[in-house]
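J.: The structure follows.
The values are calculated or read from the model by the stated rules, or taken from the named source; none is laboratory data. All figures in this text were calculated on a predicted structure; none of them were measured in a lab. Don't worry about glycine lacking a Cβ; one is built from the backbone with ideal geometry, like all the others, and counts go over all protein chains shown. Accessible surface is based on the protein model in full, side chains and every heavy atom, while ligands, DNA and RNA are left aside. Shrake-Rupley method; radii C 1.70, N 1.55, O 1.52, S 1.80 Å.
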Amino acid sequence: MAIPLMLITLGVAVARLSPAGMGQAIVLSLVKLVLCVGIAWVAGRWFALDKTAFGVLVLQVATPVAVTSYLLAEKYGADSQAVAGLVVASTLMSIGALPLLLALLL
(Lines give C-alpha, C1' and ligand atoms only; values in the text may rest on other atoms or scores of the structure.)
Protein backbone atom coordinates (compact mmCIF):
# COMPACT_ATOMS: atom_id res chain seq x y z
CA MET A 1 0.00 0.00 0.00
CA ALA A 2 2.93 2.34 0.61
CA ILE A 3 4.15 2.47 -2.99
CA PRO A 4 0.82 3.55 -4.51
CA LEU A 5 0.45 6.22 -1.82
CA MET A 6 3.97 7.50 -2.54
CA LEU A 7 3.17 7.72 -6.24
CA ILE A 8 -0.08 9.57 -5.58
CA THR A 9 1.74 12.02 -3.32
CA LEU A 10 4.40 12.58 -5.96
CA GLY A 11 1.69 13.04 -8.59
CA VAL A 12 0.17 15.88 -6.59
CA ALA A 13 3.61 17.54 -6.37
CA VAL A 14 4.20 17.07 -10.10
CA ALA A 15 0.85 18.68 -10.86
CA ARG A 16 2.08 21.78 -8.99
CA LEU A 17 5.41 22.01 -10.84
CA SER A 18 6.11 25.16 -12.78
CA PRO A 19 8.05 25.15 -16.06
CA ALA A 20 10.48 27.70 -14.63
CA GLY A 21 11.70 25.26 -11.97
CA MET A 22 12.26 22.45 -14.46
CA GLY A 23 15.37 24.06 -15.97
CA GLN A 24 17.34 23.56 -12.77
CA ALA A 25 15.96 20.03 -12.40
CA ILE A 26 17.09 19.10 -15.92
CA VAL A 27 20.60 20.45 -15.35
CA LEU A 28 20.93 18.68 -11.99
CA SER A 29 19.60 15.42 -13.45
CA LEU A 30 22.12 15.60 -16.26
CA VAL A 31 24.95 16.30 -13.81
CA LYS A 32 23.81 13.38 -11.63
CA LEU A 33 23.68 11.05 -14.61
CA VAL A 34 27.10 12.00 -15.96
CA LEU A 35 28.83 11.99 -12.57
CA CYS A 36 27.30 8.75 -11.34
CA VAL A 37 27.98 6.87 -14.58
CA GLY A 38 31.52 8.27 -14.74
CA ILE A 39 32.33 7.30 -11.16
CA ALA A 40 30.78 3.85 -11.60
CA TRP A 41 32.72 3.35 -14.84
CA VAL A 42 36.02 4.24 -13.19
CA ALA A 43 35.24 2.17 -10.07
CA GLY A 44 34.21 -0.84 -12.16
CA ARG A 45 37.44 -0.70 -14.13
CA TRP A 46 39.49 -0.03 -10.98
CA PHE A 47 38.14 -3.17 -9.28
CA ALA A 48 38.36 -5.17 -12.51
CA LEU A 49 34.73 -6.30 -12.35
CA ASP A 50 33.62 -8.91 -14.84
CA LYS A 51 31.36 -7.82 -17.69
CA THR A 52 28.06 -8.65 -15.97
CA ALA A 53 28.93 -7.01 -12.64
CA PHE A 54 30.29 -3.96 -14.43
CA GLY A 55 27.10 -3.59 -16.47
CA VAL A 56 24.90 -3.96 -13.40
CA LEU A 57 26.93 -1.35 -11.51
CA VAL A 58 26.77 1.22 -14.31
CA LEU A 59 23.08 0.68 -15.02
CA GLN A 60 22.16 0.76 -11.33
CA VAL A 61 23.71 4.19 -10.76
CA ALA A 62 22.16 5.53 -13.97
CA THR A 63 18.60 4.91 -12.77
CA PRO A 64 16.35 7.90 -12.02
CA VAL A 65 15.91 9.63 -8.67
CA ALA A 66 13.56 7.59 -6.48
CA VAL A 67 10.14 8.62 -5.22
CA THR A 68 11.35 8.08 -1.66
CA SER A 69 13.64 11.09 -2.09
CA TYR A 70 10.56 13.25 -2.53
CA LEU A 71 8.89 11.81 0.57
CA LEU A 72 12.01 12.36 2.69
CA ALA A 73 12.28 15.95 1.45
CA GLU A 74 8.63 16.52 2.29
CA LYS A 75 8.96 14.96 5.75
CA TYR A 76 12.07 16.87 6.78
CA GLY A 77 11.05 20.25 5.35
CA ALA A 78 13.50 20.37 2.45
CA ASP A 79 12.61 21.76 -0.98
CA SER A 80 10.23 18.99 -1.99
CA GLN A 81 9.12 20.80 -5.16
CA ALA A 82 12.69 20.79 -6.45
CA VAL A 83 13.00 17.09 -5.61
CA ALA A 84 9.74 16.37 -7.45
CA GLY A 85 11.23 18.15 -10.46
CA LEU A 86 14.35 15.98 -10.17
CA VAL A 87 12.23 12.83 -10.11
CA VAL A 88 10.39 13.89 -13.26
CA ALA A 89 13.46 15.12 -15.13
CA SER A 90 15.63 12.13 -14.26
CA THR A 91 12.87 9.69 -15.20
CA LEU A 92 12.37 11.34 -18.60
CA MET A 93 16.13 11.50 -19.12
CA SER A 94 16.49 7.80 -18.35
CA ILE A 95 14.23 6.96 -21.30
CA GLY A 96 17.10 7.91 -23.57
CA ALA A 97 20.09 7.29 -21.30
CA LEU A 98 19.42 3.70 -20.24
CA PRO A 99 19.09 2.30 -23.79
CA LEU A 100 22.28 4.13 -24.80
CA LEU A 101 24.14 2.70 -21.82
CA LEU A 102 22.81 -0.77 -22.59
CA ALA A 103 24.09 -0.45 -26.13
CA LEU A 104 27.52 0.56 -24.83
CA LEU A 105 27.63 -2.22 -22.25
CA LEU A 106 26.41 -5.11 -24.41
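J.: Name the single residue that is modelled with the highest pLDDT among those in the range 64-89 being open to solvent by 50 Å² or more (accessible area, probe 1.4 Å) and among the hydroxyl-bearing types (Ser, Thr, Tyr).
T.: Filtering the range 64-89 for residues that are open to solvent by 50 Å² or more (accessible area, probe 1.4 Å) and among the hydroxyl-bearing types (Ser, Thr, Tyr), the one modelled with the highest pLDDT comes out as Tyr76.
J.: So, one more: Considering only residues that are among the hydroxyl-bearing types (Ser, Thr, Tyr) and free of Cβ contacts under 8 Å to residues at least 40 places away in the same chain, which ones fall in the range 78-93?
T.: Within the range 78-93, Thr91 is the sole residue that qualifies.
J.: Still on this model: State which residue is surrounded by the fewest Cβ atoms within 10 Å (Cβ to Cβ) when the search covers only the range 94-106 and only residues that are in contact (Cβ under 8 Å) with a residue 40 or more places away in the chain and more than 28 Å from Ala20 (Cα to Cα).
T.: The extreme case among them is Leu106.
J.: While we're here: For Ser18, which of the numbered conditions (1) at pLDDT 85 or above; (2) over 26 Å from Leu105 (Cβ atoms) fails to hold?
T.: (1)
J.: Can you find, within the range 70-98, the residue that is nearest to the chain's Cα centre (by Cα) among those that are within 16 Å of Leu33 (Cα to Cα) and of a type in the set (Gly, Ala, Ser)?
T.: Ser90
J.: Let me ask something additional. In the set Val27, Val67, Val42, Val34, which member is among the hydrophobic types (A, V, I, L, M, F, W, C) and within 28 Å of Ala2 (Cβ to Cβ)?
T.: Result of the check over Val27, Val67, Val42, Val34: Val67.
J.: Same structure, new question: Of all residues in the range 1-36, how many are open to solvent by 90 Å² or more (accessible area, probe 1.4 Å) and among the basic types (Lys, Arg)?
T.: Residues flagged as open to solvent by 90 Å² or more (accessible area, probe 1.4 Å) and among the basic types (Lys, Arg) within the range 1-36 amount to 1.
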